Amino acid sequence: MKEHVSWIRWVGQTIRRFTKWLYTLRHIFVALFVLGNSGLIFHTIYGLPINLLTLFNVRNYAQINVSFLTNAPYFMLGVFIVMSSVGLFFRARISWMISFTLMLINIFYTAHIHPQQTHNIHYGIASLILLFMVRKYFSKSSVAAGSIFALISVITLLLTSTYGALYFGDGFNPKITSLLTAFYYAIETMSTVGYGDIVPVTEPARLFTISVIVSGITVFATSATSVLGPVVHSGFERLVKGNSKKMDRTNHFIICGLSSLGINTIKQLTERKQPITIIVSPRIQQVAKDQLEGLDVVVGDYSDGAILTQAGVMNAKAVLALSDDDADNAFIVLSAIELASSARTVALVNESKNINKVKSVNPDIVISPQQFASDILARVLNGESIDSDSIVASLLHSVQGLSDNEINK
C-alpha cells in the first residue's frame with residue numbers, strides 16, 4: 001500500500017514539475033501562436049502552397065506567381081508579424097508592444113478588406129487577448145535582442161521592397177526593369193529621401209510606395225529606439241552620475257521586486273547597514289529611479305539564472321522574492337534552487353489563495369501579510385482579546401518556515 005502511495009506521489013510530483021517547466025516556456029507558445037496570424041494572412045493572399053525559393057530566381061521573374069504583391073500592405077503586415085514573433089522568443093518588451101499593435105491592425109484591416117475571412121479575425125482577437133494576458137512576462141530590454149530584431153526587420157523590409165518595386169516596375173516613370181534599380185528605389189523610399197528621379201504613376205505602384213514609406217519609418221524608428229536608446233541612456237547616466245562602483249556581492253541580501261514589502265525591507269536593511277542587491281525590471285527601474293539611487297541595482301528578469309548569478313546569488317545570505325506577482329516569486333525561488341545556491345529563499349505571497357502553490361516550490365520562508373492581517377481582523381471582529389501572544393501566534397502562522405527560535409534571534 002505504501003509503495004502504491006509513493007508511486008502516485010512520484011507521478012504527481014513529475015506532472016507538477018513538467019507543468020512548471022511548460023509554464024516557463026510560455027513565451028515560446030505565445031510567439032508561435034502570434035506567428036500563426038502571418039500564416040493565415042499568407043494563405044489568404046496566396047490560396048496555394050508557396051515556393052519561396054522561386055522568388056530569388058530573378059531570371060524567371062516574369063513567370064513567378066507573385067500576385068500577392070497586388071495586396072502589398074496586407075502581405076507586409078504578415079511579414080511584420082513574423083518579425084515581431086521572432087522578438088517574442090527573446091521576451092523583448094518592444095516586440096510585445098509591436099505585436100500587440102499589429103494584432104489590432106490585423107483585426108481591423110482583415111475585417112475591412114477581407115470580411116469573409118472570419119477565422120482570421122477570430123484568431124487575431126484570440127492572439128490579442130493572449131498577448132494582453134501575458135504582458136507582464138515580456139519585460140526584457142536588452143541591446144542584443146533589440147539589435148537582432150532591428151537587423152531582421154531591416155533585411156526583411158529591404159527584400160520585400162526591392163522585389164515589390166521590381167514587380168510593379170511598369171507602374172513607375174521611368175520603368176524599373178533591373179534588380180539594381182529596384183534596390184536603389186527601395187533604399188530611396190525606405191529612407192524617405194525621395195529624389196524624384198523615379199515616380200510611381202499607377203495606383204498599385206503608389207499604394208505600394210505608401211506602404212514602403214510607412215513601413216520604413218516604423219522600422220527605422222523602432223530599430224533606432226531599441227538599439228541606440230539603451231546605449232545613449234546608459235551613457236547619459238554615467239555622464240551625470242559618474243561611474244557607479246559595484247558592491248562586493250558577498251554575504252549580502254538579494255531583493256527581487258519593489259512591492260510595498262520590498263521597499264520597506266530595503267529601507268530597514270539599509271538602516272541596519274546590511275549589504276543588499278536589488279533586481280528590478282527595466283520598466284520598474286525607470287519608474288522608481290529616485291528610490292533606487294545610491295543602491296546596488298541589477299536590471300533584468302528576476303527569474304533569469306544569469307541575472308541572479310550577476311547579482312551574486314552563489315555568495316548571498318538570502319534571496320527575497322518580494323514582487324507583486326506570486327508567480328514571479330515562485331519562479332525566483334525555483335531559479336535560485338536550480339542554481340544550487342546555498343542562500344536561503346524567502347517568498348512573498350500577495351494573494352493568500354496562492355500559498356499552497358508558492359509552498360510547492362519549497363522556499364525556506366513563506367510570508368503572507370494578507371493572511372496575517374485577515375487573522376487579526378477576524379479576532380477583532382469576533383471580540384477576541386488581542387495581546388502580544390496572539391499577535392506572535394498570528395505572525396508565526398503567516399510566516400511559514402520559521403521556528404520560534406529563529407524568530408527570537
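The values are calculated or read from the model by the stated rules, or taken from the named source; none is laboratory data. Owing to the predicted nature of the structure, the values given are computational and were not obtained by experimental measurement. As a convention, Cβ positions derive from the backbone with ideal geometry for all residues, glycine included, and neighbour counts pool all protein chains shown. Heavy atoms of the whole protein, side chains included, go into the accessibility calculation; ligands, DNA and RNA do not. Shrake-Rupley method; radii C 1.70, N 1.55, O 1.52, S 1.80 Å.
For this structure, a couple of remarks:
- Among the listed pairs Lys136/Lys353; Lys136/Lys289; Lys267/Lys317; Lys136/Lys357; Lys267/Lys353; Lys317/Lys359, those with a Cα-Cα distance over 25 Å are Lys267/Lys353.
- DSSP beta bridge pairing in the range 252-367, given as percent antiparallel to the nearest 5: 0 percent
- Only Lys, Arg (+1) and Asp, Glu (-1) charged, at Cβ; the range 252-367 dipole about Cα centre in debye: 320 debye
- Surface per residue (accessible, 1.4 Å probe) for the range 252-367, Å²: 45 Å²
- The per residue volume of the convex hull around the alpha-carbon atoms of the range 252-367 is 89 Å³.
- Accessible-area composition of the range 252-367, carbon plus sulfur, in percent [1.4 Å probe]: 48 percent
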